[in-house]
Amino acid sequence: MSARRPRGKRLAFETLAIHAGQEPDRTTGAVIVPIYATSTYAQEAVGKHKGYEYSRTGNPTRAALETCLASLEGATWALAFASGMAASDAVAHLLSSGDHVVLADDVYGGTYRLFARVFDRAGISLTPVDMTEPRNVRRAITPQTKLVWIETPSNPLLKIVDVKRVARIAHEAKALAIVDNTFATPYLQRPLELGADLVLHSTTKYIGGHSDVVGGAVAGNDPKLRERLAFIQNAAGGVPGAFDAWLVLRGAKTLAVRMERHARNATAIAKWLKADKRVARVYYPGLRTHPQAELAAMQMRAPGGMVSFEVKAGEPAAQRAVSRTKLFALAESLGGVESLVELPLAMTHASVRGTPLAPPPGLIRLSVGIEDVEDLIADLHQALA
Ligand code: P1T
């Protein structure tokens, strides 16, 4: 489906989510993109085919997802991967031995692990910095810096990074700026429009939206980067199967309405936690007391569905609380319609324990779902008792 409507006006996000890459099937009229469960494609003669040769290289269901994701990010291209980490791994493969990466100091633990414990062996060095102060990025840049890796809002402390300013600093050093946009989603934040070169997603999260699939994506506008990343994707093979691509595409259709509700529920919960005497500190970019609240309001349409907090009684009390919730499932991951709770240092960020990236031990992270918010607050209230 063309991303343009008559008179050259772009279709709105909600319309693109449902139609981009998803025109009715030409042969059957099926309104929904079919799951092309095929590994290979018959050729009329050697090299004479309908655009597909082998499903690691390309698959029509995956292609539909890629067209849709590109349109949502305002990108000219997107590539879908088997997981968020497979997408990150492909981006890391753009680098060569001797290159240096400046990484935000609050990111998904697996992103740090990938650079610190896998790509270190390929001779790629790493400096984690607090990017809420953009001048820290400038200070960390060396002549070898090729990549500046931003995650905003960050996982799990919900720090907000000024994408425009940090991308400009990266570009002055001739480095690429990438934004992991998993927490915000393209509905709330469009990093490419703010100057980033690449945007990355764990589509496992809000884009998939139903905790039933693992996936990832990278999008951008530079055709040379697309060519190189597609080459790496095909050479290394971290592609999603057709059914997984289809699940992510189905999730994307309702992204806008879900994100509105996630943000509304999370705002109510953050305010409730802030007022509760048992709570020591709340991390949510939608609270006026968040140190980058103003930047969040400028850069994002809404503050998103993730809330972190600490309780006054400390880590043992936090351990107890997360095992007592009834609606919030104690589980890793985020972004599904159902609410989840976890202790990052013991769970999603165990791989950064003992590093400068380690979150506070008693930190509780909520992925606020789209259930009734009074039910969710009642659940937290009884768990904190
Ligand atoms: O799990 P996977 O689809 O491979 O995505 C990795 C990833 C990348 N970026 C961010 C911001 C993420 O949060 C994740 C995965 N995060 C979790 C599993 C979690 O619970 O935080």
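Some observations on this one:
- Answer residue from the stretch 266-320, given it is in contact (Cβ under 8 Å) with a residue 12 or more places away in the chain and among the acidic types (Asp, Glu) and is surrounded by the most Cβ atoms within 10 Å (Cβ to Cβ) among those: GLU310
- Those residues of the stretch 97-126 which are more than 16 Å from PRO344 (Cβ to Cβ) and within 14 Å of the ligand (Cβ to nearest atom), in sequence order: LEU103, LEU114, PHE115, VAL118
- Residues located in the stretch 214-233, provided they are assigned to a loop (DSSP other than H, G, I, E, B) and near the ligand (Cβ under 9 Å from one of its atoms): VAL214, GLY215
- Hey, ARG226 touching a residue at least 40 places away in the same chain (Cβ under 8 Å), among the charged types (D, E, K, R), under 19 Å from GLY369 (Cβ atoms) and surrounded by 16 or more Cβ atoms within 10 Å (Cβ to Cβ) or not: no
- So ALA80, is it within 12 Å of the ligand (Cβ to nearest atom), under 26 Å from ALA235 (Cα atoms) and in contact with a Pro (Cβ under 7 Å, 6 or more places away or on another chain): yes
- Listed by position, the helices (runs of 4 or more DSSP H) contained in the stretch 284-385 that have at least 2 residues being farther than 26 Å from ARG190 by Cα are 315-324, 373-384.
- Residue check, GLU338 within 13 Å of the ligand (Cβ to nearest atom) and either open to solvent by 40 Å² or more (accessible area, probe 1.4 Å) or not hydrophobic (A, V, I, L, M, F, W, C) (or both): no
- Residues in the stretch 289-299 include none that are touching a Lys or Arg at 6+ places or on another chain (Cβ under 6 Å) and not assigned by TED's automatic domain parsing to the domain that holds GLU73.
- Search result, residues across the stretch 341-352 that are open to solvent by less than 10 Å² (accessible area, probe 1.4 Å), over 15 Å from LEU376 (Cα atoms) and more than 8 Å from the ligand (Cβ to nearest atom): LEU343, VAL352
The values are calculated or read from the model by the stated rules, or taken from the named source; none is laboratory data. All values reported here derive from a predicted model rather than from experimental measurement. Don't worry about glycine lacking a Cβ; one is built from the backbone with ideal geometry, like all the others, and counts go over all protein chains shown. The accessibility values were calculated without ligands, DNA or RNA, using every heavy atom of the protein model including side chains. Shrake-Rupley method; radii C 1.70, N 1.55, O 1.52, S 1.80 Å.
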